[in-house]
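Working notes for the structure below.
The values are calculated or read from the model by the stated rules, or taken from the named source; none is laboratory data. Please read all numbers here as calculations on a predicted model, not as lab measurements. When we count neighbours, we look across all protein chains shown, and the Cβ atoms used for this are built from the backbone with ideal geometry, even at glycine. Each accessible area value is taken on the protein alone, full model and side chains, heavy atoms only, with ligands, DNA and RNA left out. Shrake-Rupley method; radii C 1.70, N 1.55, O 1.52, S 1.80 Å.
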Amino acid sequence: MAADMKVLNALDSAKTQWYHFTAIIIAGMGFFTDAYDLFCISLVTKLLGRIYYHVDGSSKPGSLPPNVSAAVNGVAFCGTLAGQLFFGWLGDKMGRKKVYGMTLMLTCLCSIASGLSFGRDPKTVMATLCFFRFWLGFGIGGDYPLSATIMSEYANKKTRGAFIAAVFAMQGFGILAGGIFAIIISAAFEACFKSPAYQVDPLGSTVPQADYVWRIILMVGSLPALLTYYWRMKMPETARYTALVAKNVKQATADMEKVMQVDIGTEQKEPAVKSGNEFGLFTKKFLNRHGLHLLGTTSTWFLLDIAYYSQNLFQKDIFSAIGWIPAAKTMNAIEEVQKIARAQTLIALCSTVPGYWFTVFLIDRIGRFTIQVIGFTMMTVFMFALAIPYHHWTLPGHHIGFVVLYSLTFFFANFGPNATTFVVPAEIFPARLRSTCHGISAACGKLGAMVGAFGFLYLAQPQDKSKADAGYPAGIGVRNSLIVLGVVNLLGLFFTFLVPESKGKSLEEMSRENEDSTEEGAEVENHSSDNRTVPV
């Protein structure tokens, strides 16, 4: 049945048209905001520590207590995990389009609200921030399965991987925009409100106006997505959902004729309303067909995000450890934001953004599997290259080499599993379970992000407790933490072999919905021949 639908064949064979790029921009702006909101918190955590947790007489500026830091950095991930599971399931039940607007509006509202707070007491401010960042994450979580599924169902066979990867690549621009905006705002405030370094004047180094800096940075992320809300609401439901799940081929054809501006033609006969092959997620048939695929997509995303988010969220700590960012006491509060943002922007510009777009250009040429294998392999190599001679990298004059290798691990994360783990789950599962399975895979990724985000806070502490940050127990040190991350990447490489290659194949071919329709057609034919009374 799926194989014979003109509308699906038209989508698979369609030339790249303006509506493809429109869909990329509409879906991509959601990811731009998602990345901006998730990663900009790492730019302002040290500022929050200086403003709300200053200790009189301390030789070092105030910093967030371990439990507060873990909550501020990780609460959005908890929300994202819940949102991926909930909206992934809802996208298969209600349709992609109906749920798509909800996620964007929730993300935008909570992005603005996270810059507000009730009162000036540290506990009140942090509680408000964490509350709204949880619901911000919940909205962001819905964007993962819905954006990937919508883009995969709109795209043609030939360039589907590039289109889905292009949506995800907007994350790179979101991270970059967060860094650039933080540099601009901090430079503006620094010029207007001069203040001495912490070691000169501990209290005077944090001007009262610094409290506006973090709020503005957090709130501005909602603007790009708000601009695309109207167009997101105008998008029709995907043809594959309308035809294969809602069973309305006529409506699917009409929608796509309008979008593609071509005459597809109506089907000669309406397909059967209910297929006997429509197995559910928790069935033996799903386990036999897609069980290993789901294990592959969930495990690789989980392992990738442990390494990826522990690096990304805490790169400012790594830069400080190797001396690339000056000691906190030698800077004032706003200057420190500027230095951290500058370092993260440089990494995004030189490795994160190029890595994403290398994937976009090559994914339909060399395939998802090859890119993921290359990515995990090179991440493992570079992580061990950073870890084993770690003392060498901390010596004066060797910092540039460390940053280059560190940037290369980011490049091969993005030209590798960070992009492919997002693409593949949107291609290999049946239409009626596609959004759910992508949500499950993405949620496992966020579970890995939480392990990386929370675990690295403690693991990377020095082994000598007296040198650890205030409130933290002794850890295993940055060197040993990097070795652990190298092993995690190696495991990701092994689990990649469970994931099938989907390059150049239709969604129905990958999910084996074509086989279902063939089996169903054979059953109908046999049934009708059994009822004949006159031989033909």
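Based on DSSP H segments of at least four residues, each scored -39500 (n - 2.57), the chain has a per-residue ellipticity at 222 nm of -24000 deg cm²/dmol.
Between Ile400 and Lys284, what FRET efficiency follows from the Cβ-Cβ distance if R0 is 45 Å, with the result rounded to 0.05? Write out the running numbers ahead of the final one.
Numbers: r = 56 Å, r/R0 = 1.25.
Between Ile400 and Lys284 the formula returns 0.20.
Of the peptides 299-309, 498-508, the ranking by mean beta-carbon count within 10 Å, highest at the top, reads 299-309, 498-508. In the chain, the longest principal axis of the Cα atoms and the axis of helix 431-459 are about 20 degrees apart.
If I take every Cα pair under 8 Å that is 6 or more residues apart in the stretch 31-97, average their sequence separation and divide by the length, what percent do I get for the relative contact order?
Working: 28 pairs, mean separation 15.2, N = 67.
Normalised by residue count, the contact order of the stretch 31-97 is 23 percent.
I'd like the FRET efficiency for Lys194 and Gln251, computed as 1/(1 + (r/R0)^6) with the beta carbon distance as r and R0 of 56 Å, rounded to 0.05. Mind dumping the intermediate values first?
On the way: r = 63 Å, r/R0 = 1.13.
After rounding, the FRET efficiency stands at 0.30.
Checking every one of the trypsin sites (Lys or Arg not before Pro) in the stretch 76-129 against DSSP loop status and a limit of 13 other Cβ atoms within 10 Å picks out Arg120. For the chain, the longest principal axis of the Cα atoms and the long axis of helix 122-154 meet at an angle of about 30 degrees.
Between the residues Val249, Pro208, Thr238, the greatest Cα displacement towards the positive end of the dipole of the stretch 202-267, with unit charges on the Cβ of Lys, Arg, Asp and Glu, is found for Pro208.
The lysines within cross-link reach of Lys503, meaning a Cα-to-Cα straight distance under 17 Å and a gap of 8 or more places when in the same chain, are Lys15, Lys157, Lys158. The stretch 284-305 and the stretch 108-139 have Cα centres spaced 34 Å apart. For percent of Cα pairs over 33 Å apart, the value calculated from this model appears in (i) 42; (ii) 58; (iii) 48 under label (i).
Would you give the gap between the C-alpha center of the stretch 15-45 and the C-alpha center of the stretch 322-381, rounded to a whole Å? Result: 17 Å between the Cα centres.
Under the definition of Cα pairs under 8 Å and six or more residues apart, what whole-number percent is the relative contact order of the chain? Mind showing how you got there, number by number?
Details: 952 pairs, mean separation 127.5, N = 536.
Reported as a whole number, the value is 24 percent.
Rounded to the nearest 10 square angstrom, Ile140 shows an accessible area of 0 square angstrom against a 1.4 Å probe.
Taking all protein chains in place and a 1.4 Å probe, what share, in percent, of the accessible surface of the chain do carbon and sulfur account for? Walk me through the numbers on the way to the answer.
Details: 14050 of 21020 Å².
Here carbon and sulfur together make up 67 percent of the probe-accessible area.
Inter-label distance, Leu295 to Ala327: 5.3 nm, where each label sits 7 Å from its Cα along the C-beta direction.
Stokes-Einstein at 20 °C, 1.002 mPa s, Kirkwood radius from Cα pairs: D for the stretch 1-116 in µm² s⁻¹? Walk me through the intermediate numbers first.
Numbers: Rh = 18.0 Å.
My calculation gives 119 µm²/s for D.
Over the stretch 373-517, give the accessible area per residue in Å² for a 1.4 Å probe, as an integer. Please list the in-between numbers first.
Values: 5010 Å² over 145 residues.
Accessible area per residue: 35 Å².
Under the combined filter of DSSP loop state and at most 16 neighbouring Cβ atoms within 10 Å, the stretch 443-491 retains none of its chymotrypsin sites (Phe, Trp or Tyr not before Pro). Principal-axis analysis of the Cα atoms of the chain puts helix 66-94 at an angle of about 10° to the longest axis.
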